[in-house]
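Working notes, beginning with the structure itself.
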Amino acid sequence: QVRVAESGGGLVQPGGSLRLSCSVSGISFSRFAMSWHRQVQGEERALVAEINGAGDSPTYADSVKGRFTISKEWAQTTAYLQMDNLRSEDTAVYYCKAGPIWAPSGWQDYWGQGTQVTVST
């Protein structure tokens, strides 16, 4: 069974940094895309950054370009989101997604439970 687990959230002051980690288990290969999304209560979940299965060609939402960096090591099932120069508007629950991954039932996306990031004085 594929499981996705995020870690690294917390409280940080504006201008500070956090590094989120996303670990995927229960899978025998590593070449799959991974992405980070965030959701503010009452709003839809939004894509923050994504990276392909080879660990290159990252893409970012305009609101985080130049401040956030997504990474994934070749042949690894862990992805990271380095968040620098954090702003209050970055406050949200951050979710990691692994996939799409081929499963007997078809292409599947696997989500973690989310980790809270709060940017505040």
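Leaving ligands, DNA and RNA out of it, report the carbon-plus-sulfur percent of the accessible area of the chain at a 1.4 Å probe.
On the way: 3060 of 6630 Å².
Carbon and sulfur atoms account for 46 percent of the accessible area of the chain.
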**Item:** Separation of alpha-carbon centers, region 90-120 and region 1-66, rounded to whole Å
**Value:** 7 Å
**Message:** Using a Gaussian network model on the chain with a 10 Å cutoff between Cα atoms, which of LEU86, LEU47, LEU11 fluctuates the most?
**Reply:** LEU11
**Request:** Report the residue, chosen from GLN41, GLN76, GLN13, that carries the largest GNM mean-square fluctuation when the chain is represented by alpha-carbon nodes joined by springs under 10 Å.
**Result:** GLN41
**Length added when fully stretched, TRP102-SER57, from 0.36 nm per residue minus Cα-Cα** = 14.1 nm
**Message:** Let me check something: with ligands and nucleic acids excluded, how do THR91, THR115, THR121 order by accessible area (1.4 Å probe), largest to smallest?
**Reply:** THR121, THR91, THR115
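Size of the dipole of the chain about the Cα centre, Lys and Arg at +1 and Asp and Glu at -1 on the beta carbon, nothing else charged, in debye to 20?
Values: 10 positive and 11 negative charges, 40 e Å.
For this selection, approximately 200 debye.
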**Prompt:** Among GLY106, GLY55, GLY15, whose mean-square fluctuation peaks in a Gaussian network model of the chain (Cα, cutoff 10 Å)?
**Reply:** GLY106
**Item:** Once exposed loop GluC sites (Glu not before Pro) are cut out (DSSP; at most 12 other Cβ, 10 Å), longest piece of the chain
**Value:** 74-121
**Computed accessible area, SER21, all protein chains, 1.4 angstrom probe, square angstrom** = 30 Å²
**Asked** If you rank LYS97, LYS65 by how much accessible surface each has, with a 1.4 Å probe, what is the order from largest down?
**Response** LYS65, LYS97
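Please list, by residue number, every one of the chymotrypsin sites (Phe, Trp or Tyr not before Pro) in region 21-71 that is coil in DSSP and has at most 10 other beta-carbon atoms within 10 Å. Could the numbers behind the result be given before it?
Numbers: sites: PHE29, PHE32, TRP36, TYR60, PHE68; in loops: PHE29, PHE32.
Answer in residue order: PHE29.
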**Asked** Using a 1.4 Å probe, what is the accessible area per residue for the chain, in Å²?
**Response** 55 Å²
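The values are calculated or read from the model by the stated rules, or taken from the named source; none is laboratory data. Note that the structure is a prediction, hence the values are computed from the model and not measured. Because the Cβ atoms are built from the backbone with ideal geometry, glycine has one as well, and the counts that use them run over all protein chains shown. Each accessible area value is taken on the protein alone, full model and side chains, heavy atoms only, with ligands, DNA and RNA left out. Shrake-Rupley method; radii C 1.70, N 1.55, O 1.52, S 1.80 Å.
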